[in-house]
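Notes to accompany the following structure.
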Amino acid sequence: MDLVTFGEAMVRFSPPASEQLEQASTLQASVGGSELNVAVLAVRLGVTSRWVSRLPDNALGRMIADRAREQRVDPYVEWTTEGRVGLYFVEIGGARISSVLYDRAGSAFSRVMPGSIEWASVFAGARWYHVSGITPALSDGAAKVTAESLAAAKKAGLTVSYDLNYRSKLWSATQACAVQEPLMEYVDVLIAGEEDARVIFGAESAESLAKQFDIGAVAITLRDNPCSATVAADGKVYSAPRVEVTTVDPIGAGDAFTGGLIVSRLENRGWDDALSFATATAALKHTIPGDFCLVTRSEVDQLVHGGASRVSR
């Protein structure tokens with residue numbers, strides 16, 4: 001197993017394109033969640049992946065695990081009779097700003113407790129561990145297990161990546177800073193949106209954030225274009241070529257960027273190549289409905305090497 005991720009996945013409901021929730025008479029159900037999204041893309045690009053989570057043993061919990069297996073992700077699930085599956089509702093607005101409504105309080109995952117996951121077993125044979133700031137935002141228990149997992153990953157010798165992935169609907173910036181600042185000592189690759197880095201840690205660039213926490217590599221996706229980014233690593237700053245996209249569904253584009261970056265680094269690509277590859281996966285995700293970035297290696301390579309500046313599928 002090359003990659004291990006840890007986090008909650010939910011059932012996603014979406015009305016038909018451009019409809020508002022309050023006017024919809026039908027909703028399409030699918031599955032999504034940041035860390036599972038990363039694992040799915042990694043598998044599709046040739047990296048074996050395990051997703052660690054906690055689910056209720058009911059039809060919706062089994063649905064989520066089945067969707068992971070369908071994408072050839074190995075689900076390492078703590079099954080429980082307590083709690084529920086989290087839900088979220090997404091309006092893809094066309095000319096409107098897309099809107100997300102969460103219904104995830106009291107989920108089975110939010111009740112995860114330290115000591116419940118055998119991390120040594122989970123990490124056996126793995127090379128990379130990834131988690132995001134959504135996970136510790138869900139509960140005090142989830143925050144403690146996140147810290148536990150990061151310490152175990154470093155002890156096992158894995159490369160650790162962490163996506164700030166700030167969600168203001170889950171916690172305040174002050175809370176996010178207080179909980180996540182101590183976690184940075186375990187992180188080898190930090191990924192953040194430009195706005196998240198500024199709001200949570202007061203950082204204005206990838207370089208300043210890398211220096212603030214002495215992190216080997218920091219990737220910042222740029223606010224004015226989600227398909228452009230910079231990386232501060234090895235004492236240098238790398239920039240990705242700008243890619244314009246025709247957006248069908250932006251949800252999961254940040255996870256696609258992360259997945260592309262992880263796969264590239266596992267393949268020992270330099271930061272220039274890794275950044276171009278990750279930017280391409282993020283761009284392609286904008287053209288695909290649902291959370292998962294359902295692309296092939298050839299599609300990503302074509303965008304990277306074809307020199308296209310615009311993506312429309």
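The values are calculated or read from the model by the stated rules, or taken from the named source; none is laboratory data. It should be emphasised that the depicted structure is a prediction, and the values quoted were computed from it without experimental measurement. Backbone-built Cβ (ideal geometry, glycine too); neighbour counts: all protein chains shown.
Inspection of segment 201-214 finds no residue satisfying the criterion of being touching a helix residue (DSSP H, G or I) at 6+ places or on another chain (Cβ under 6 Å) and touching a residue at least 40 places away in the same chain (Cβ under 8 Å).
Please indicate, with yes or no, whether at least one residue in segment 45-68 is closer than 14 Å to Ile251 by Cβ, surrounded by fewer than 24 Cβ atoms within 10 Å (Cβ to Cβ) and either without any contact (Cβ under 8 Å) to a residue 12 or more places away in the chain or of a type in the set (Gly, Ala, Ser) (or both). Within segment 45-68, not a single residue is closer than 14 Å to Ile251 by Cβ, surrounded by fewer than 24 Cβ atoms within 10 Å (Cβ to Cβ) and either without any contact (Cβ under 8 Å) to a residue 12 or more places away in the chain or of a type in the set (Gly, Ala, Ser) (or both).
For segment 157-198, a tally of residues being touching a Ser or Thr at 6+ places or on another chain (Cβ under 9 Å), farther than 23 Å from Thr279 by Cβ and at pLDDT below 95 returns 0.
Scanning segment 236-288 for residues that are out of contact with any Asp or Glu (no Cβ under 9 Å at 6 or more places or on another chain), more than 22 Å from Ser99 (Cβ to Cβ) and modelled with pLDDT under 90 yields Pro241, Arg242, Val243, Glu244. Just a yes or no: is a residue in segment 21-42 under 25 Å from Gly254 (Cβ atoms) and part of a loop (DSSP other than H, G, I, E, B)? Yes: segment 21-42 contains one or more residues that are under 25 Å from Gly254 (Cβ atoms) and part of a loop (DSSP other than H, G, I, E, B). Restricting segment 94-136 to residues that are of a type in the set (Ser, Thr, Tyr) and out of contact with any helix residue (DSSP H, G or I) (no Cβ under 7 Å at 6 or more places or on another chain), the residue that is surrounded by the fewest Cβ atoms within 10 Å (Cβ to Cβ) is Ser121. Here is the figure for segment 58-112: residues that are of a type in the set (A, V, I, L, M), under 25 Å from Leu41 (Cα atoms), modelled with pLDDT of 95 or more and in contact with a Leu (Cβ under 9 Å, 6 or more places away or on another chain) total 9.
Of the residues making up segment 48-82, those that are of a type in the set (A, V, I, L, M, F, W, C), outside any strand (DSSP E or B) and farther than 17 Å from Ala126 by Cα are Ala59, Leu60, Met63, Ile64, Ala65, Ala68. Take Ser121 and decide whether it is among the polar types (S, T, N, Q), within 23 Å of Tyr162 (Cα to Cα) and part of a loop (DSSP other than H, G, I, E, B). For Ser121, the condition - among the polar types (S, T, N, Q), within 23 Å of Tyr162 (Cα to Cα) and part of a loop (DSSP other than H, G, I, E, B) - is not met. Which one is farthest from Ser107 (Cα to Cα), of the residues in segment 2-20 that are among the aliphatic types (A, V, I, L, M) and part of a loop (DSSP other than H, G, I, E, B)? Residue satisfying both the conditions and the ranking: Ala17. For Trp79, the criteria (1) of a type in the set (Phe, Trp, Tyr); (2) surrounded by fewer than 15 Cβ atoms within 10 Å (Cβ to Cβ); (3) within 17 Å of the chain's Cα centre (by Cα) hold in every case but one, which is (3).
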